[in-house]
Amino acid sequence: MKIEVLGTGCAKCKNLYENVKKAVEESGKSAEIVKVEEIPKIMAYGVMSTPALVVDGKVVFSGKVASVAEISGVL
Amino acid sequence: MLKQFADWLVFDTIGLVPGTHSGEALNFFIYDTLKIFLLLTTIIFVVAIIRSSFPPERTKRMLSHKREYVGNVLAALLGIVTPFCSCSAVPLFIGFVESGVPLGVTFSFLISSPMVNEIALIMLWGLFGWKIALIYISTGLLVAIIGGIIIGKMKMEKYVQDYVWEMQVGKTEIVKQTFREKLEYARGYTFELLKKIWPYVVIGVGLGAFIHGYAPQDFLVRYAGRDNMFAVPLAVLVGVPLYSNAAGVIPIVHALMEKGMAIGTVLAFMMAVTALSLPEAIILKNVLKNRLLVVFFGTVAVAIICVGYLFNAIL
């Protein structure tokens, strides 16, 4: 599974990244977590409010710091 | 009820005397803090639920290929309900212009969104009353509409960074949320926002209470009263670096108004605090060339100064 955290590097994006790490650890699944900070890549997903979370190429959350529980729900 | 509680606590329980500097200052502090936090908690929650129904992706669709005037008005109005954080200004800007939202219309949105925000409104309503809050919303919208129209008329598309026009924007998906998820989101949002702004509110109300209790009546009339021609531009200049602290600034301004600051000056100052922000300018530099950035800030600043003079003249 590939999880991407989209955001230009603000505090919220870091919080989301941490939550993702926790959620993945708790689930015990193996997943690759990547931070995407380049604008063209973010725009390619059509995301207009960051931070956003992409799981296997699909946007699941945008414009909010999803909680660990919420992330676990989409893994 | 809050007033009775503050009176009871300060005068009956702590034993300070009404009418004294310390008594009035503490009473004011307790009353205002309670009132503001009550308003903040309820209204931020309600606004967050409303906002979760207006993701920027939907706003973009509504504004795409709109003509000027109609588009500017709609963009300014949508700016109120669409959540916006200056850290997403770049993807938002690119998403808008790429999908065919005219530049001037995009700017109407960019001006209105931070200026007509719920925190500024709650604080104005709670401290100054609904009339001032309403004047603030309507003039704020007007500044956004007119500012956007002017920028649109200047045909400044070539001063947008070139790469923006070549960007490939993916098809936007709107993530659907159930009502339960919206409630959950609103709860988290309210909590997060309160956590961030509470120190500013307490410090702002504290300073306001100090001014209320200790500063002599009318001490600002000479400097910030309506007869001082320079008060409005000066207030705008001072407001620029105070960005994002609307919650802390408004209680101070409220106390200053009691001491003689003119209403137009108050409005201009408030608008400068919310609409003209240095961090946002730095972020927008990624998508705007210097000339357009200067025009954007200049237009908004001039419009705000006009609002200040207008209200000093008529109220």
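Values quoted throughout were computed directly from the atomic coordinates according to the rules given, and no laboratory measurement underlies them. Note that the structure is predicted; figures quoted are calculated from it, not measured. We place every Cβ from the backbone using ideal geometry, glycine too, and count neighbours over all the protein chains shown.
With both partners inside chain A, how many of the DSSP beta bridges are antiparallel, as a percent to the nearest 5? Could you put the intermediate results ahead of the total?
Working: 8 of 13 bridges.
Bridges in chain A are about 60 percent antiparallel.
Just for the protein assembly as shown, what percent of DSSP beta bridges are antiparallel, to the closest 5? If you can, show how the numbers build up before the last one.
Values: 9 of 14 bridges.
Once the DSSP bridges in the protein assembly as shown are tallied, antiparallel ones form about 65 percent.
By how many degrees, 0 to 90 and rounded to 10, does the Cα axis of helix B:89-98 deviate from the longest principal axis of chain B?
The answer is roughly 40 degrees.
What does the charge count around A:Lys41 come to, taking other residues whose C-beta lies under 11 Å from its C-beta (Lys +1, Arg +1, Asp -1, Glu -1)?
On the way: positive: A:Lys35; negative: A:Glu4, A:Glu37, A:Glu38.
Here the count lands on -2.
Taking the Cα centre as origin and putting +1 on Lys and Arg beta-carbons and -1 on Asp and Glu beta-carbons, what dipole magnitude results for chain A, to the nearest 20 debye? Walk me through the numbers before you get to the answer.
Numbers: 10 positive and 9 negative charges, 21 e Å.
That gives a dipole near 100 debye.
Run the count for the range B:21-175, please: Lys pairs, Cα-Cα under 29 angstrom, 8 or more apart or on different chains.
Close lysine pairs under the 29 Å cut-off: 11.
Just rank B:Arg58, B:Arg180, fewest to most, by other beta-carbon atoms within 10 angstrom.
Values: B:Arg58 15, B:Arg180 8.
The order, fewest Cβ neighbours first, is B:Arg180, B:Arg58.
Is it possible to state the helix-based mean residue ellipticity at 222 nm for chain A, with each DSSP H run of 4+ residues giving -39500 (n - 2.57), the sum divided by total residues, to the nearest 500 deg cm²/dmol? What is it?
Values: 3 runs with 30 residues, N = 75.
Estimated from H runs of four or more residues: -11500 deg cm²/dmol.
Roughly how many Å is it from the Cα centre of the range B:100-117 to that of the range A:32-75, as a whole number?
A separation of 25 Å, based on Cα centres.
What is the average number of partner chain Cβ atoms found within 10 Å of a Cβ in A:55-65? It would help to have the intermediate numbers written out before the result.
Values: counts 0, 0, 0, 2, 6, 2, 3, 9, 14, 7, 3.
If you average over the peptide's residues, the count of other-chain Cβ atoms is 4.
Relative contact order of chain A, please, whole-number percent, based on alpha carbon pairs below 8 angstrom and at least 6 residues apart.
Numbers: 122 pairs, mean separation 31.4, N = 75.
So the answer I get is 42 percent.
So what does the Cα-only Debye profile of chain B read at q = 0.07 Å⁻¹, as log10 I(q)/I(0), no solvent term?
-0.30
From the P(r) of the range A:2-63, could you give the percentage of C-alpha pairs in the tail past 16 Å?
On the way: 687 of 1891 pairs.
Here the tail beyond 16 Å accounts for 36 percent of pairs.
Give me B:His65, B:His21, B:His212 sorted ascending by neighbouring Cβ count inside 10 Å, so fewest comes first.
Working: B:His65 10, B:His21 14, B:His212 22.
The order, fewest Cβ neighbours first, is B:His65, B:His21, B:His212.
Which ordering of A:Tyr17, B:Tyr223 is given by a fewest-first count of other beta-carbon atoms within 10 Å?
B:Tyr223, A:Tyr17
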